[in-house]
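Taking it in order: structure first as structure tokens, then the write-up.
Values quoted throughout were computed directly from the atomic coordinates according to the rules given, and no laboratory measurement underlies them. Computed from a predicted structure; not experimentally measured. Every residue, glycine as well, gets a Cβ built from its backbone with ideal geometry; the counts of neighbours run over all protein chains shown.
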Amino acid sequence: MDITTFSALAEPSRLRIVELLHGGPLTVGEIADRLGLRQPQASKHLRVLLEAGLVEVQAVANRRNYYLRSEPFQALDAWLETYRNIWDERLDNLENYLQKLQFKSNNEN
């Protein structure tokens, strides 16, 4: 897993930009308006996301539309999957333990 992904997403405004772009492409101005940022601030955050490979920009006439790239998020999901398996196993063990306790409690009555 590339640490730049985590670094880019660690900043709350950049994470909010990613959440906005999940709904589809937006311009810098649209992002700034929706998040209550000044356009230079939004541009700075988009530059970090662009350098991290999380977003791409497409020029359409005089507009620059930013959109999410799926590959980094697929890589993040694959990395997280190993941890999901660990938690699934632990939760299954907890469920089994609780069922044994309940069974034991029911048989004592």
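Can you divide the C-alpha Rg of region 70-109 by 2.2 N^0.38 Å and report the result to two decimal places?
1.93
Can you give the charge dipole size of region 70-109 about its Cα centre, rounded to the nearest 20 debye, using +1 on the beta carbon of Lys and Arg and -1 on the beta carbon of Asp and Glu?
Dipole magnitude for region 70-109 comes out near 280 debye.
Semi-axes of the equivalent ellipsoid of the chain: what are they in whole Å, largest first, if each equals the square root of 5 times a C-alpha gyration tensor eigenvalue?
Semi-axes from the Cα gyration tensor: 44, 15, 11 Å.
Could you compute the FRET efficiency for Gln74 and Phe6, with r as their C-beta to C-beta distance and R0 at 22 Å, rounded to 0.05?
0.90
With only Lys, Arg, Asp and Glu charged, each at its Cβ (+1 for the first two, -1 for the last two), find how big the charge dipole of the chain is about the Cα centre; round to the nearest 20 debye.
540 debye
Per 5 Å bin, what percent of the C-alpha pairs of region 36-86 does each bin hold, from zero upward?
The calculated distribution, bin by bin, is 5, 17, 19, 20, 15, 11, 8, 4, 2, 0.
Could you please state, rounded to a whole Å, how far the C-alpha centre of region 1-38 is from the C-alpha centre of region 55-73?
Their Cα centres are 12 Å away from one another.
Could you state the angle between the C-alpha long axis of helix 39-51 and the longest principal axis of the C-alpha atoms of the chain, as a value from 0 to 90 degrees rounded to the nearest 10?
60 degrees
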